[in-house]
Amino acid sequence: MGLGMRIRALVAVVGLLLTALAVDAVAAAQVRSVRLWRAPDNTRLVFDLSGPVQHSVFTLTAPDRLVIDISDATLSGSLNVATANTPITAMRSAQRTPSDLRVVVDLKKAVTPKSFTLTPNAQYGNRLVVDLFDNPADAAPPTAPGPTVATVPAVPVTPVKPAIKLPPSPAGKRDIIVVIDAGHGGEDPGASGSRGQHEKDVVLAIARELQRQVNGLKGFRAELTRTGDYFIPLRGRTEIARKKGADLFVSIHADAAPSAAAFGASVFALSERGATSETARWLADSENRSDLIGGAGNVSLDDKDRMLAGVLLDLSMTASLTSSLNVGQKVLNNIGRVTPLHKQRVEQAGFMVLKSPDIPSILVETGFISNSKEASKLATASHQQALARSISSGVRQFFQQNPPPGTYIAWLRDSGKIAQGPRDHRVNPGETLAMIAVRYQVSTAALRSINHLKSDGLKVGQVLSIPSTELAAKE
Ligand SMILES: [Zn+2]
């Protein structure tokens, strides 16, 4: 046998081996379904797989297309997915070879793709995630008709559709900015209730209501980290807070507990010291076991417990601890009036990672969605409003006592137009709500609202919060 013949024979053998491997691999992975999430600046495709895959992604122009090649895979489900408000016009697929699947995404305009795979978790199996980022030139016209918003303006910008119209604050006296973070979102539903409620939906509803209420307070402005059903990485959330010039960051959750019987609301702040509760210790432990932060770009979107731990860990880097504990306790006191508390004190988790603090940050667990009674309560608009009211009250009380310099609230306090510190009133025998309102020169409506009173009946010894006259006017 000549050398050429030997090589040809070898190639044939190798070819046979490869074919055998390929035949084996045909059943290696199936693409079972695709899910789609639209965020303000990107579209996320999540392919659900029966096992791990190798893949590659590239774009083609004229017309714009995105090609996703998945090795050792076949399509067993449908690629049908609603693509309204996305750059996608259609999705189709073909087997490039018996073992290799090609998915072609037809596009209205060019996108910048980024992709990665995820390993199974409690909720999902192996996944391939493809993010289609809008190109900046395309994204600008529909969203930002006005001047650029690269810097935080000293004079507040009125939200596009304020629920409650307020006169602008005096020139040069900025609003206090509260950034509200609805946990989870998109393909990360968070915890799930017994009747199929998703944490991501409940917390977005509470966050929106809280934003509406905070925007109704003169001297305050609220911004949301996410405004719809899509995922934002943990670092993205605190980055948004920093970009918006947050004076306070409030993350809203309604997680599951290891025990389905667990119930009640809690408020977390960060601590460099040891954990102060079992829950906090459990979270800290699960965090310390994993190195999800700083991972390969797909930070913790696959596990809600690690998610919560990760949020806390990330918050620790920006938390101003004393302020966080202070505002946290005020929020907790108010929440205690509308729902049972899981813990009477602000809880702290002992994470090691701490950077110089600049934004006070708290995480509010509004209740355990794993508890069926609490899950049904959390799904009602009235309870969501009450929770939001208690959080906004706590936030307002904190900033009345600790207004950041240069803000309208600081100006009010310094010019004696605002009471320093919250006022409480213990109801004496024979007192009515109207009498108390007259005494403190506030409206009965404001008293009812801030104290969540369902009727005007008072009990002797009951403690009422008295709103300051300046702020009470806008209630
Ligand atoms: Zn959560």
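Please treat every number below as a calculation from the coordinates, not as lab data. This structure is a prediction, so every number in the text was calculated from the model and none was measured.
Less than 5 angstrom separates the built amide H of Arg337 from none of the residues sequence-distant by 5 or more or on a different chain.
Taking amide H as placed 1.01 Å from N in the peptide plane, the amide H of Ala182 sits under 5 Å from that of Thr225, Arg226, Ile252, each at least 5 places away or on another chain.
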